[in-house]
Amino acid sequence: MAMAEKLFRDIGYQKTTVADIARALAMSPANIYRFFHSKREINETVALRLIGEVEDAVERIASEPGSAEERLRRVIRAVHEMNAERFVHDVKIHEMVHAALSESWDIVEGYIARMNARVAGLIENGVATGEFRAVDAAVTAACVNAAVVRFSHPGLMMECARMEQPTLDDMLDFLMRALRKA
């Protein structure tokens, strides 16, 4: 999949054909189809790998020592920074991610569910340690992720790039105030 990702970055995911991938790997297109049933499956595999890197970073941060608030802030910031670097500044990869989001590829729904679960876990931890007030962690996690979507969704990041307010720090401060115990 590294070769498919490289070609997606070089010529774009829509312009990259299975024949291009096969040629770059010195094999036949038929051989590629032994591993993948369709070009869409190749697209989803590349996207899933990229999403997996974001999820791995989130998991690593969430598992580190520190307060729930500190880890939640770092998780949201990491998602923002990784998506900005990889999906906003790399236009050809952005096209694939935009298609995945706008066409509701199954991998996107799974990613959202896993991110909501990870944020819910941090919120539950904050409630357990007394940092956060008692809340329905699942609903609150979905609200937190919805509140920061313009800082994590590649399309919205590009569309909202000129918006000065709120900044990511403003939104994080707002969310943490809402979560903290009174």
Give me the residue from the stretch 38-61 that is among the small types (Gly, Ala, Ser) and modelled with pLDDT under 95 and, out of that set, most open to solvent (accessible area, probe 1.4 Å).
Ser38
Which listed residue is more than 25 Å from Gly110 (Cβ to Cβ), open to solvent by 30 Å² or more (accessible area, probe 1.4 Å) and not β-branched (Val, Ile, Thr), from Glu69, Glu64:
Glu69
Give Arg162, Arg133 a once-over and let me know the one that is surrounded by fewer than 16 Cβ atoms within 10 Å (Cβ to Cβ) and at pLDDT 95 or above.
Arg133
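Every residue, every condition in (1) open to solvent by 20 Å² or more (accessible area, probe 1.4 Å); (2) in contact with a helix residue (DSSP H, G or I) (Cβ under 9 Å, 6 or more places away or on another chain); (3) within 13 Å of Ala142 (Cβ to Cβ), yes or no:
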residue	(1), (2), (3)
His89	yes, no, no
His94	yes, yes, no
Ala99	no, yes, no
Ser102	yes, yes, no
Ile107	yes, yes, no
Met115	no, yes, yes
Do you know which of the residues in the stretch 63-92 that are outside any helix (DSSP H, G or I) and closer than 20 Å to Glu131 by Cα is nearest to the chain's Cα centre (by Cα)?
Glu64
Out of (1) surrounded by fewer than 17 Cβ atoms within 10 Å (Cβ to Cβ); (2) closer than 22 Å to Met158 by Cα; (3) in contact with a helix residue (DSSP H, G or I) (Cβ under 9 Å, 6 or more places away or on another chain); (4) not basic (Lys, Arg), what's the single condition that is false for Ser28?
(2)
Test Arg150 against the criterion of being open to solvent by 80 Å² or more (accessible area, probe 1.4 Å), within 30 Å of Arg9 (Cβ to Cβ) and of a type outside the set (Phe, Trp, Tyr), and give yes or no.
no
Spans of helices (runs of 4 or more DSSP H) in the stretch 105-182 with at least 3 residues under 16 Å from the mean Cα position of the chain (by Cα) and under 20 Å from Glu55 (Cα atoms):
106-128, 137-147, 154-159
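The values are calculated or read from the model by the stated rules, or taken from the named source; none is laboratory data. Given the structure is predicted, the values throughout are model-derived calculations rather than measurements. Neighbour counts run over all protein chains shown; Cβ positions are idealised from the backbone, glycine included. These area figures cover heavy atoms from the full protein model, side chains too; ligands, DNA and RNA do not enter into them. Shrake-Rupley method; radii C 1.70, N 1.55, O 1.52, S 1.80 Å.
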